[in-house]
Amino acid sequence: MTDATTDPFDRDDLPVAPGATGSLLRSLLRAHRARVALAALVLLLQQAAVQAGPLLVAYAIDRGVPAFRRGDHGPVVAVAVGYLLCAAAAALLQYAFVRGAARINQDVLLDLRGRIFRHAQALSVDFHERYTSGRLISRSTTDVESLRELLSEGLQELIGVVLAFVYIAALLLWLDLGIGGVAVASFVPLYLLVRLYQRRAAVVFAERSTAIAGVIVKFAETMNGIRPVRAFRRERANDAVFAELNHRHERSNGDALLEMARYVVGSRLVANTAVAGMCLWGAYRVAGGTLALGVLAAAVLYMRRLYDPIDRLGMFLNSYQSAAASLAKIAGLLAQEPGVPEAVAPRELPAARPGIPGREVVFEGVRFAYRTGGEVLPRFDLSIPAGQTVAVVGSTGAGKSTLAKLLARFYDPTEGRVLLDGVDVRDLSTPELRRGVVMVTQEAFLFSGTVAENIAIGRPDATREEIEHAAKAIGAHDFIAGLPDGYDTDVRKRGGRISAGQRQLVAFARALLADPAVLILDEATSSLDVPGERAVQRAMDTVLAGRTAVVIAHRLSTVEIADRVLVMEDGRVIEDGAPSDLVTGEGRYADLHRAWRDSLVG
Amino acid sequence: MPGEHAVDKDSPDRSAVRSLARLWPYVRPVRGRWAAAAAVAIVASCLSLVIPLVLKWMVDGPVAEGDPGGVWLGALYLLLLGVAEALLFGFRRWLVARPLAGVEARMRADLFRRLQRLPIAFHDCWASGQLLSRGTTDLMLVRMFLAFPLTFLLVNAVTILAGFVLLLSQDWTLGLVLLTPVVPLVVLCSLFETKYAVVARQAQDQVGDLTTVVEESVLGIRIVKGFGRHRSQALAFRELAERLRSTELAKARLLAGIWAFITVVPELAIGAALVLGTVQVADGDLSAGTLVAFLSTALALRWPVESLGFLLAMSQEAATATERYFEVMDEREETPGPASPASVPETPAPVADGVRFEGVSFRYPDAPADAPPVLDRIDLHIRPGETLALVGGTGSGKTTLTALVPRLHEATGGRILLDGEDITLMERERLRALVSVAFEEPTLFSASVGENVLMGAAEGAAEPELRRALGVAQADRFVAALPEGAATQVGEQGLSLSGGQRQRLALARAVVGRPRFLVLDDPLSALDVHTEALVEAALREVLRDTTALVVAHRPSTVMLADRVALLSQGRIAAVGTHHELLRANAEYAWLMSGEGAGEGDGETYGKGNEER
């Protein structure tokens, strides 16, 4: 359907404007600016409370001990009270921060999930056909999940680590310039290590995410096609293919873990060397009598804390890497312009003429080509009077479905306009458009929920009577009543097995309930048996009488009820007329009709 | 709601430890490496406890004596200890990196293998999203558990113990002061663990539900758009997403609480120890170096104690993940069936007898007990080389009946014989090699067109078979027009084909292996009239020497068959030729022409059939 080789869709790599990832993250956080600031402040105070401990130790050793020896208990009591207060404050602030941060995180995720979902729903059918469902699903699940990890664990960690670094480095500098100097100097190799790790990990992570995507696709495809898998004994062949994909992921997974190990060794070495250096310097000065013992003790305690979080920094980098990759993919998806945008200044359809529920359809100078260039429908004009039933026939690829999709506004024409009672369909709001035009397709998909809910998609405010009435009109009532819970049977649960033909009947009931002015049937009767097809025709003659209908069908039996037949070939209408006129001629339709007659008699 | 099944699984006696213990068979092959890594981690962790002792030696020795030269030695010791610690921690990670990635991969491969072999009835009840999340996120959690919480719960326990021994040996009163908070911490942690488990599981299931909505709204995008239902879909999505959010917030509340406690309790103990220690130093009962070392040790122990909270949370999540994993793994596979009787040479060569259904009944395993069976005492004989059309109203059980032949579903009563051989006594592999199926919904896999079709053939089938099969299905021309012909990739990761094109490839797949028995479920429904006529002509040739069961919805397909069986309310109501049934059976006449029982006008079909 599209040129497959150079299409960015095939590489799962939609173009992203530079900086789009960052601006997406910023726009997600913007709404919560005040709360982010508050959370940061809480964390700032919490760290202050936590880092006060060693200072109190210094105070206790250098002031408390001598004072106590003099009989002055004041400083020791002060230390006790101070420690108590700091501990309580640290805990309370910690509690407040975790809850506050979780609230921000969850709001951001809710926002992001909603954005992806809404955007995906707004994108055109054309986009969905090319992007495939698996990718969309992994965008809104695994990719959101990796951002969740970054936000809930990573970011918190990063802020904590940075704050601790700043606090402790400042305190060390304040306690003793030399010791603080060593600490600050150690940040240079640490920073280089982090950068190195980041660079190397990015490569490994990219490979790992490609590998897991391969695993997911194979997995989902096998489970969704489990019947043919079993019937054609593909189990062993699948095991082998899966083993290979799985092994590739195992390798890259192991590589990622090893990369982390390298980082840990490097950073620990730097940290421990720095600690030894600081101890040397401090002890040297205390021994020389230029530094108080308590200060050394405090410095030693701080040093331990200073480098405690470097492992966690690595974990943060981990989640940052994968979240960055995911965000880039999400940003690429969100950057896709909906090919079929909603009307900016929606217009209403003119009031329906009394007695004629259908509406007039006009294709005015319409041409349609894919963005990649392939022309499907060359420029044409077509007018369907209100209330007319038009059958469109022709072989696969003749452009029948494209015609229907233009009318249903699944696509917009490349040139020209599609008019409904004189109003361009692009100017109609979605609800107004769907009151006007409804399309029933070959794939009758059922959503999880009850049968009644599935029919009610046609008109959500319909009563149970109206739903049952629609089902009866299409001949679906009997089988629905025979399900374990009747209309309340969950289609995804036990007893809810519904055949392809039954699903198409439900899809029709949906369309009847929607009661549109223009009904499009795109191969919508393919799985129906003859009585089912009859019921559909009856419904079109009775319940839907007077509606404008466009029927695309393989079966000429469906075509016979049409007022007019269009025969399409290579995107052009080559025959146009009443079926009785065409059948007597020597054209394509007469050929098709003869072939069909022959197939009936065998 | 798909998540409901989660609730009743939370029986009161569920225990994280018991769930996690089930991982043993997977850990067993790497137990040596894992144990070595744990040992290394313990040594490394205890090294960090030695550092305060070196400090003490420095403070009470060279520093107290004012011997600046002496501190060099101390610093050297510290450096050596530090280098050793760093290398050991790196060594630990190196030891387990590959093996644990291997454990994850093995578990995933086992899951995939098992899922491929579970009864179709199982797959009918499980959304693929729920299965997929078990194969990805859950296994990742398990791997992380094996790498961190499992090791560090052990390492930290040993470190804490060793630390306390050190503390108590230095000064037992101060040591006891630091020891007191351990009891409330342990109690709180276990309390937390049980509560957290429930919420964690809830969150995981809600993620599954959310995935289902996303999946459906993508798969059903044409319906959502066709009826302009974006808003209501978005609302449903929002509701689920908000429910997940509140569960996540409940999780955060629990975490916040436990962290606050884990922060405050040890801090208070250290504060108390500091005050007491200061007094003791002032009284001269304790050396300053000991106090520094003591506090330094206590602080070194703070991280192992603090981390218990998140280690337990991770373990809990891993336990839930393990539970979800084994929920699927505990399902029973289809039995492969008895080995083929090749070892028994006196087995008579199979008599060509066609397909026989003898008193076959079927009800879905999950159907309520009072529901009537889907198929009830079916007796049917398809003679060798004969093609039998199966006709019946919508939902009469036609597709179910076809699924019984290759044992995709198991007949609950009676038996099915292929050439006189009971299919339940055949090896499934062999049965499915004998019977070839084209399904109502043609599924193509991510592979080339050629590979998709040749799946239906025995090993070694190649170009000629492929060309013949594509010819039968009238697919040769459109396949030749594809960018790379039969080598073009199709399926989820390739070119998307129209319904009719997919159906023709599925038909080619069914006939490519020249199967002895052929089951076709409404094989021509998506074809246009012209193509249908051509396919029928070619298919007639194939059906001539194949025993076939063809589900038919319309007269044109019935015409492929020698005889027709009418399935009505789970029973075979009539068998005969098309014309016999058309004349003698009102239901059949109605199904084929829409006349009779229905009040339709049906002139086209009526005429077409009466002309014969």
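Numbers at a glance
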{"read-out": "Sites excluded, trypsin sites (Lys or Arg not before Pro) in DSSP loops with at most 13 other C-beta within 10 Å, longest stretch of chain A", "value": "A:71-370"}
{"read-out": "Sites residue A:34 and residue A:342, calculated FRET efficiency, Cβ-Cβ separation with R0 25 Å, nearest 0.05", "value": "0.20"}
{"read-out": "Sparse-neighbour loop sites [chymotrypsin sites (Phe, Trp or Tyr not before Pro); the range B:242-321; at most 13 other C-beta within 10 Å; DSSP]", "value": "none"}
{"read-out": "Long pairs among A:329/A:405; A:329/A:400; A:400/B:225; A:472/B:225; A:472/B:398, criterion Cα-Cα beyond 27 Å", "value": "A:329/A:405; A:329/A:400"}
{"read-out": "Segment residue B:422-residue B:253, extension gain: residue separation times 0.36 nm, minus the distance between their alpha carbons", "value": "54.8 nm"}
{"read-out": "Footprinting exposure proxy for A:356, A:137 (fewest neighbouring C-beta atoms within 10 Å first)", "value": "A:356, A:137"}
{"read-out": "Neighbour cut-off at most 10 other Cβ (10 Å), DSSP loop, GluC sites (Glu not before Pro), the range A:537-598", "value": "A:586"}
{"read-out": "Span-rule helices in chain A, defined as complete DSSP H runs reaching 30 Å or more along the axis (Cα) with Kyte mean at least -0.5", "value": "A:33-59, A:74-122, A:177-224, A:235-287, A:310-334"}
{"read-out": "Calculated FRET efficiency for the pair residue B:110/residue A:481, C-beta based, R₀ 56 Å, to 0.05", "value": "0.80"}
{"read-out": "Crossing angle, helix B:288-329 versus chain B [Cα axis fit, 0-90 degrees, rounded to tens]", "value": "10 degrees"}
{"read-out": "Nearest 10 degrees, 0 to 90: helix B:529-544 Cα axis against chain B principal axis", "value": "90 degrees"}
{"read-out": "Residue exposure sequence - A:302, B:77 - by fewest surrounding Cβ within 10 Å", "value": "B:77, A:302"}
{"read-out": "Estimated FRET transfer efficiency when R0 is 25 angstrom, pair residue B:540-residue B:459 (beta carbons, to 0.05)", "value": "0.30"}
{"read-out": "C-alpha long axis of helix B:70-117 to longest principal axis of chain B, angle in °", "value": "20 degrees"}
{"read-out": "Helix-only mean residue ellipticity at 222 nm for the protein assembly as shown, each DSSP H run of n ≥ 4 adding -39500 (n - 2.57), per residue, nearest 500", "value": "-20000 deg cm²/dmol"}
{"read-out": "GluC sites (Glu not before Pro) restricted to DSSP loop in the range A:331-414 with at most 11 other C-beta within 10 Å", "value": "A:348"}
{"read-out": "When the convex hull of its Cα atoms is projected in every direction, mean area for the protein assembly as shown (nm²)", "value": "50.9 nm²"}
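Bear in mind that the values in this text are calculations on the coordinates, not laboratory data. Everything numeric in this text was worked out from a predicted model, so none of it was measured. Counting neighbours? That spans all protein chains shown, and the Cβs are built from the backbone with ideal geometry, glycine included.
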